[in-house]
1. What value does the range 88-221 have for Rg/Rh, both radii from Cα atoms and Rh as Kirkwood defines it?
2. Gain in length, GLU276 to GLU17, computed as 0.36 nm per residue apart minus the alpha-carbon separation, to one decimal in nm?
3. What number of lysine-lysine pairs in the chain show an alpha-carbon separation below 20 angstrom, given a sequence spacing of 8 or more or placement on distinct chains?
4. Taking N as the number of residues in the chain, what is its Cα Rg relative to 2.2 N^0.38 Å?
5. Taking only protein heavy atoms and a 1.4 Å probe, what accessible area per residue, in Å², does the chain have with all protein chains in place?
6. Quick one: which of 352-358, 372-378 comes out on top by average Cβ neighbours within 10 Å, and what's the full order, highest first?
7. Enumerate the calculated ³J(HN,Hα) couplings along the range 192-199 in order (Karplus 6.51 cos²θ - 1.76 cosθ + 1.60, θ = phi - 60°), each rounded to whole Hz, writing x wherever the residue is Gly or Pro.
8. Please report, for the Cα atoms of the range 318-389, the Rg to one decimal and the Dmax as a whole number; what are they, in angstrom?
Amino acid sequence: MSTPSAVLEDGHRELVEAFESFVRRELVPLAAELPETADLPPADLRSYVRKRSAALGFYAGDYPEELGGSGMPFTAVVLLHHAAGRSGCSLAPYALAGSDGPSPLLRHGTPEQIEKYLVPLVRGTSARCLALTEPQAGSDAFRLTTTAVRDGDGWLISGRKTFVSNADRADLALVVTATDLGEGPSAGATAFVLPMDTPGLRIGQRYEGMSGEPMFELLLERVRVPMDAVIGGAEGVGAATALAMDSLSRGRLVVAAMCNGVAEYALRLGVEHARERRAFGERIGNYQHVQEHLVRSRAEVEAAKLLTLACARLVDEGTEAPENAALAKLTSSETAVRVVDRSLQVHGATGWVRGHPLEFLYRYVRMMTIIEGTSEVQKVIVARAMGLG
């Protein structure tokens, strides 16, 4: 099925094809060995995929070559995430840096932090987690009660974080705290980098998500850290809000790209089923109600792809407006939910059965309208950019 947006992908076609070849050649056979009902690949397999992809130059491709990346533009990264989503391979998303990999937040680190923490993340030899959300502050992420207080030549951090992805397999945590600078509740937000074996830092409650992805509490009980644990050094004290927006904007575009890929894969499954399945003496694709599901889905997928790609290109040109990423993430995540739902409807009971790709995708895409900021938060960001509210 050719797509109108394909003409816009020509600039990185060889890179995308190389990644797709890697997925088919190495990851699909590994995924085929997993239990049919397994939602989440084992941690050691995910680690292997991450390291293997990093060795091939895909994993954190937009980072400089001297750090272990490939120096590719952000547009190429977005296209790779799209390719991972549309591959239908359960291991493909782990071949690209996500919530466990290097973050734009660490782009602002000191030279010592870059060497100690960022390089291993880029090369896939370590993993991290982000501890931002708190029990009483979900979408209002910077209403922080976790505090960092100066203590001699270091800091004492106390608090509780929740819904932390990757905490069980992370080597380090990025922890965002309130620091009293006398300028409001978020003006004093500071980000710290903490090895997971830091005394006083421990994993608390485990939450099981709909798609099988666990999340965790992180408990910080008078965790003492040195001054150089502040991301960005002395200049990073109180600067976490701006640093996080940098991280969130690119992260939202990556989520949008993955959603577009998943939606395209779901649409392909729906089209293939509609061509083959027969009912009342005809292929079901001949029926207008089925055509309505699939044609409307294709129109929405193409629009979401074009919007995401346009926003990624603006990033490469130096424009990283938060409202652009918010609009792309809102559009793509909501589109993916609708497209997967329609494709499952085309399949009927077949797509609902445990073990069918659409059954998993139906659960998987639902979280995409929540992570990296809910759809409602994205609307607020866009509305404010429009001069509303």
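The values are calculated or read from the model by the stated rules, or taken from the named source; none is laboratory data. This one's a predicted model, so the numbers in the text were calculated from it and none came from an experiment. All Cβ positions, even for glycine, are placed from backbone atoms using ideal geometry, and neighbour counts span all protein chains on display. The protein model used for the area step is the full one, side chains on, heavy atoms only, and it has no ligands, DNA or RNA in it. Shrake-Rupley method; radii C 1.70, N 1.55, O 1.52, S 1.80 Å.
1. Over the Cα atoms of the range 88-221, Rg/Rh equals 0.97.
2. Gain on extension, GLU276 to GLU17, equals 90.4 nm.
3. Qualifying lysine pairs in the chain: 4.
4. Compactness ratio reported: 1.01.
5. Computed with neighbouring chains in place, this is 46 Å² per residue.
6. Per-residue mean Cβ counts within 10 Å order the peptides as 372-378, 352-358.
7. After applying 6.51 cos²θ - 1.76 cosθ + 1.60, I find 10, 10, 10, x, 5, 8, 5, x Hz.
8. So, for the range 318-389, Rg and Dmax equal 15.4, 48 Å respectively.
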